[in-house]
Amino acid sequence: MKVLQTIPYMLASQGGPSTCTCDLLQGLHEVGAQVDLLTAACGNPADRNLGAGSPWLKEVAMDYRTPLALSASTQGFLEASDYDIYHANTLWLHPVHATCSYARKVGKPYVLSTHGMLYPTALAVSGWKKKLMGALWYREDVMKATCLHATCMAEMEHNRKYGYKGPIAVIPNAVVFPEGVELKDE
């Protein structure tokens, strides 16, 4: 089974979703899973994409237009792709919508990891924009997902409050300890 994950940014400077997505992809690759990650190339010489140089990282040109990150290169990669499952990370930017929309277009299942973006506090930031974008695209992307991924029960509850009625997998983010750090049983 071939899986394509997508995320608008994998920048080291962004932390959060970039970090946990990188850790997940690296772990999946190490156990032999056929999984790739599509993101935009880093356009800032002072930054870097997490996972740079990894065989699973598929970078397209940083051609984001408008604050929504409209991207012809992301769309082009998706249109030429043939994966069994699509898995989009985050919300509110075009690469996420493009992934969900393409999966629906070709009749493939897709998973959506919301990364806390449906919490009331997150929805309140630029709230009128998110309501508009939700009405135009993102509500459909969420509601028609084959499955949502939440990292905790609270996130699952917020995803339900948004209106999603399908399955939600509650899977916490893995914690990667640096070499030399030992865990002690208490």
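The values are calculated or read from the model by the stated rules, or taken from the named source; none is laboratory data. Every value quoted in this text rests on a predicted model; they were computed, and no experiment measured them. Cβ placement follows ideal geometry from the backbone for every residue including glycine, while neighbour counts extend to all protein chains displayed. Calculation scope for accessible area: heavy atoms of the full protein, side chains included, ligands and nucleic acids excluded. Shrake-Rupley method; radii C 1.70, N 1.55, O 1.52, S 1.80 Å.
Could you sort Glu179, Glu30, Glu79, Glu155 by their accessible area in this structure, using a 1.4 Å probe and putting the largest first?
The ordering from most to least exposed comes out as Glu179, Glu30, Glu79, Glu155.
Is the shape of the range 75-186 rounded, prolate or oblate, going by the alpha carbon gyration tensor and its root eigenvalues a ≥ b ≥ c, with a/c under 1.5 for rounded and a/b larger than b/c for prolate?
Verdict is oblate for the range 75-186.
Return a whole-number percent for the relative contact order of the chain, with Cα pairs under 8 Å and 6 or more residues apart as the contact set.
Here the relative contact order equals 18 percent.
Give the relative contact order (percent, whole number) for the range 17-61; include only Cα pairs under 8 Å separated by 6+ residues.
Computed value for the range 17-61: 41 percent relative contact order.
Show me the ranking of peptides 98-110, 37-49, 126-138 by mean Cβ neighbours inside 10 Å, starting with the highest.
So the peptides 98-110, 37-49, 126-138, ranked by packing, come out 98-110, 37-49, 126-138.
What do the square roots of 5 times the Cα gyration tensor eigenvalues come to for the range 12-158, in whole Å, largest first, as semi-axes of the equivalent ellipsoid?
Whole-Å semi-axes of the equivalent ellipsoid: 22, 18, 18.
Rolling a 1.4 angstrom probe over the protein heavy atoms, how many square angstrom per residue are accessible across the range 67-186?
56
Give, as a single signed number, the net charge of other residues whose beta carbon lies under 14 Å from the beta carbon of His29, with Lys and Arg counted +1 and Asp and Glu -1.
-1
Taking 0.36 nm per residue of sequence separation and subtracting the Cα-Cα distance, how much length would be gained by fully extending the chain between Ser54 and Val170, in nm to one decimal?
So the extension gain works out to 39.0 nm.
How large, in percent, is the carbon and sulfur part of the accessible surface of the chain at a probe radius of 1.4 Å?
The value for the chain is 59 percent carbon and sulfur by accessible area.
Could you give the distance between the Cα centres of the range 35-90 and the range 106-179, to the whole Å?
First find each Cα centre; the distance between them is then 20 Å.
Considering only Cα-Cα distances, which of the following residue pairs are longer than 21 Å: Lys58/Lys165; Lys129/Lys165; Lys58/Lys144; Lys108/Lys129; Lys144/Lys165; Lys2/Lys108?
Lys58/Lys165; Lys129/Lys165; Lys58/Lys144; Lys108/Lys129, as the Cα separations exceed 21 Å there.
Tell me the mean residue ellipticity at 222 nm calculated for the chain from its helices only (DSSP H runs of n ≥ 4, each -39500 (n - 2.57), averaged over every residue, nearest 500).
It lands at -9500 deg cm²/dmol.
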